[in-house]
1. Which one is nearest to D439 (Cα to Cα), of the residues in the stretch 513-541 that are hydrophobic (A, V, I, L, M, F, W, C) and surrounded by 21 or more Cβ atoms within 10 Å (Cβ to Cβ)?
2. Is at least one residue of the stretch 424-431 open to solvent by 80 Å² or more (accessible area, probe 1.4 Å) and either closer than 25 Å to N516 by Cα or modelled with pLDDT of 90 or more (or both)?
3. For the stretch 82-94, what are the residues that are among the hydrophobic types (A, V, I, L, M, F, W, C) and open to solvent by 10 Å² or more (accessible area, probe 1.4 Å)?
4. Give the residues of the stretch 637-663 that are of a type outside the set (D, E), open to solvent by 60 Å² or more (accessible area, probe 1.4 Å) and without any contact (Cβ under 8 Å) to a residue 24 or more places away in the chain, sorted by residue number.
5. Looking only at residues that are open to solvent by 70 Å² or more (accessible area, probe 1.4 Å) and of a type in the set (S, T, Y) in the stretch 263-292, which one is farthest from the chain's Cα centre (by Cα)?
6. Please go through the stretch 132-143 and give me each residue that is assigned to a helix (DSSP H, G or I), open to solvent by 20 Å² or more (accessible area, probe 1.4 Å) and either in contact (Cβ under 8 Å) with a residue 40 or more places away in the chain or closer than 22 Å to Q96 by Cβ (or both), ordered by number.
7. Looking at the stretch 436-456, can you tell me whether even one residue there is more than 47 Å from the chain's Cα centre (by Cα) and open to solvent by 80 Å² or more (accessible area, probe 1.4 Å)?
Amino acid sequence: MANGFGSLYIGASGIRNNQNALNVVANNLSNIDTTGYVRQRTFFADADYNKFSKADISNQWSGLGVDIGDVIHKRDQFLDMAYRTETGRKQFYQAQYDASTEIETLLSEGVGAQFSDSITGLREAFNEFAKTPDADEVDTLVVQKSELFVSRAKGVYEGMSDYQDNINQKISDDVDKINELGRTIHKLNIKIAQTESGGVETAMDSRDQRDVALDELSKLADISYSEDVNGVVTVKLEGMDFVREDRVFEIGMLTDKSTGFKTPYWPYLSNASKNDYVKVFNTALTNTNNDQDVGEVKALLISRGDKRATYKDVMGTHPSDSDPFKYVYSSGDIYRYKEGYYYDTDADGHVTTIHGLSNSVMMNEQAEFDLMMHEMMTGVNDYLSPIRSIGDLSATQTANDTEYTKLIRAFREAYPSTTTTDPATNKQVTTYQQITALDENQKAHVFEINDNTRVLDEDNAIYGSDKELPPRELYSRRSLSRYSSFTVSYDMDADGNVTVKPDGSGKYSKTLYLYNEENKDDTDTMYTLGEIEVNHDLVENPQYIPHRHKNDDIAQDVSEKIYDVWEKSTYQLNAIDNTPTNFENFYTKMIDELDNKGNTFKTNSETIGATASSIESSRQQVIGVNADEELTNMIKYQNAYNASSRYVNVITQMIDVLLNSMQ
């Protein structure tokens with residue numbers, strides 16, 4: 001009887017454990033479309049054995065049936081790590097491709113197409129101006145087309161700036177998501193550790209949720225992670241601690257007051273009181289071989305850039321810099337790099353901050369577009385209101401020198417420079433004398449008098465119908481007039497020799513017009529789209545456009561040169577552009593270059609995406625739920641359940657027979 005009742009335990013264990021196995025299969029099938037769910041598999045093991053006798057050779061044992069040894073929740077860590085890395089790289093290039101596509105659409109359609117039409121319209125207006133510069137209707141046409149041209153150019157630039165703002169918002173949203181994922185991982189760590197602390201239960205659902213969070217986090221930034229014996233995962237983000245056992249180091253956002261651009265930084269590593277912030281992402285480092293091209297946020301930061309770019313960002317690092325090579329800082333060394341960068345240096349000349357253009361889609365296009373406008377507008381202005389340096393005007397003395405040239409030479413001599421030796425450095429230091437001149441708004445400006453100081457080239461100036469000096473420029477700066485005026489006092493002897501009197505004691509006086517130079521550290525002084533407008537005087541009186549020489553001859557030669565500004569192939573996109581083009585083709589070339597960049601990003605994204613998909617396919621073979629396999633298991637466990645049930649019935653009948661026979 002004992003063996004009979006013991007057999008019931010065996011049958012009951014089969015029923016119970018096959019029912020549990022069916023529950024596991026049902027759970028797998030119900031979660032077949034659940035994101036991140038890892039299939040569970042049942043493994044059976046022998047139940048306990050009871051010793052019921054001892055023989056000469058061995059002990060006699062009786063088994064109690066079957067038990068569930070484990071329900072495993074299996075992942076391949078190597079596939080997980082490979083998938084997360086490749087997904088992060090795919091997002092890096094996809095984000096940049098999206099940005100380039102958006103800007104290409106902006107430049108090719110809508111306001112971009114309207115701007116392209118305005119280029120053609122203004123070119124035709126200047127063509128008419130080249131033929132009949134003295135015709136009032138032509139002067140009016142030039143002014144009207146210029147207004148339309150500038151307005152639509154501003155629309156294009158504002159469109160790019162608006163998209164920068166969109167990227168900026170996306171960066172903010174992504175960082176919020178990173179912080180939320182960090183908090184989620186930390187909470188799940190605690191839950192998993194509590195559930196598994198007894199060594200009996202595995203927190204499968206919580207682990208699945210945590211792995212989904214890691215998958216999502218890997219798309220946004222470069223991460224590394226490890227799991228300790230307690231099931232707690234610690235995460236490093238961009239090489240720095242992000243999730244630890246006891247806390248989450250959330251990312252803060254540093255907001256630029258002028259642009260509103262947000263930059264992620266580590267609050268726990270920064271000292272806000274000293275304005276010392278440690279940035280999360282190093283956008284200067286994007287080397288594929290070093291796995292530095294990972295994460296959507298980094299790509300967005302690169303695409304957006306760190307400011308609203310202007311033409312100065314592709315013309316040199318400093319106003320006096322003519323070297324086409326720029327310096328880029330990496331790992332403590334300085335490298336030469338031929339591209340549009342401007343940067344900050346420390347006292348030893350090492351680069352401390354890079355404000356990069358080369359990798360930024362937005363800043364590149366803004367700078368190149370602004371450069372195109374700047375070169376055209378200043379080219380036109382310099383013919384309408386010509387300027388020359390004092391050094392050029394006074395360089396060579398000839399018998400044919402005009403009174404103006406003599407005056408400029410005397411003016412330069414009246415304000416000589418002095419050279420001394422700095423005792424601290426033993427280097428020669430040149431000091432230039434300064435004067436104060438007033439612009440059209442009676443605002444004072446200080447000028448150093450040296451050979452590079454530029455003034456109105458009065459001998460070659462042309463005049464509008466009002467015959468006033470200085471001749472008006474067509475495209476003016478909102479905040480700064482073209483010239484500041486300075487009254488020069490001088491004497492002239494019988495031979496025409498001029499002597500300037502700085503003390504104002506001269507017999508004669510003349511107004512010099514000193515050119516208000518562009519200061520590339522002050523956008524108010526620059527011919528950039530943020531500051532440019534069509535000259536108000538010419539809008540009100542188009543006939544004031546300079547078009548006659550001093551002798552009243554029509555300045556046909558100058559008007560033809562202005563038209564040549566459009567036709568000459570002198571426009572370069574940037575420092576590495578070796579194929580100059582004319583103005584009209586510059587815009588098309590800029591779009592083509594952007595298209596090429598976009599195709600590169602697209603190719604990289606698709607190639608890496610294919611790799612990620614392949615890894616994900618392999619990963620799903622390990623963690624994914626296969627309906628056919630689960631249905632096969634269901635049939636197997638159902639049959640085993642039925643067999644156990646029949647076994648119990650047989651044992652029950654046998655016991656009944658035995659019990660009835662004893663009555």
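1. L514
2. Filtering the stretch 424-431 down to residues open to solvent by 80 Å² or more (accessible area, probe 1.4 Å) leaves 424, 426-428.
Retained after the next criterion (residues that are either closer than 25 Å to N516 by Cα or modelled with pLDDT of 90 or more (or both)): none.
No, there is no match, as no residue in the stretch 424-431 is open to solvent by 80 Å² or more (accessible area, probe 1.4 Å) and either closer than 25 Å to N516 by Cα or modelled with pLDDT of 90 or more (or both).
3. A82
4. Within the stretch 637-663, N639, R646, N649, V650, Q653, V657, L659, N660, S661, M662, Q663 qualify.
5. Ranking the candidates gives S273 first.
6. Initially, the stretch 132-143 is screened for residues assigned to a helix (DSSP H, G or I), giving 136-143.
Remaining after also requiring open to solvent by 20 Å² or more (accessible area, probe 1.4 Å): 136-137, 140-141.
Hits for the stretch 132-143 are D136, T140.
7. Pass one, the stretch 436-456, residues more than 47 Å from the chain's Cα centre (by Cα): none.
No, every residue in the stretch 436-456 fails to be more than 47 Å from the chain's Cα centre (by Cα) and open to solvent by 80 Å² or more (accessible area, probe 1.4 Å).
Residue-by-condition table, conditions (1) without any contact (Cβ under 8 Å) to a residue 40 or more places away in the chain; (2) part of a loop (DSSP other than H, G, I, E, B):
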| residue | (1), (2) |
| --- | --- |
| D208 | no, no |
| D211 | no, no |
| L214 | no, no |
| S218 | no, no |
| S226 | yes, no |
| G231 | no, yes |
| V235 | no, no |
| F242 | no, no |
| E245 | no, yes |
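The values are calculated or read from the model by the stated rules, or taken from the named source; none is laboratory data. Every value quoted in this text rests on a predicted model; they were computed, and no experiment measured them. Methodologically, a virtual Cβ is constructed for each residue, glycine included, from the backbone with ideal geometry; neighbour enumeration extends over all protein chains shown. Side chains included, ligands, DNA and RNA excluded: accessible areas come from the protein's heavy atoms. Shrake-Rupley method; radii C 1.70, N 1.55, O 1.52, S 1.80 Å.
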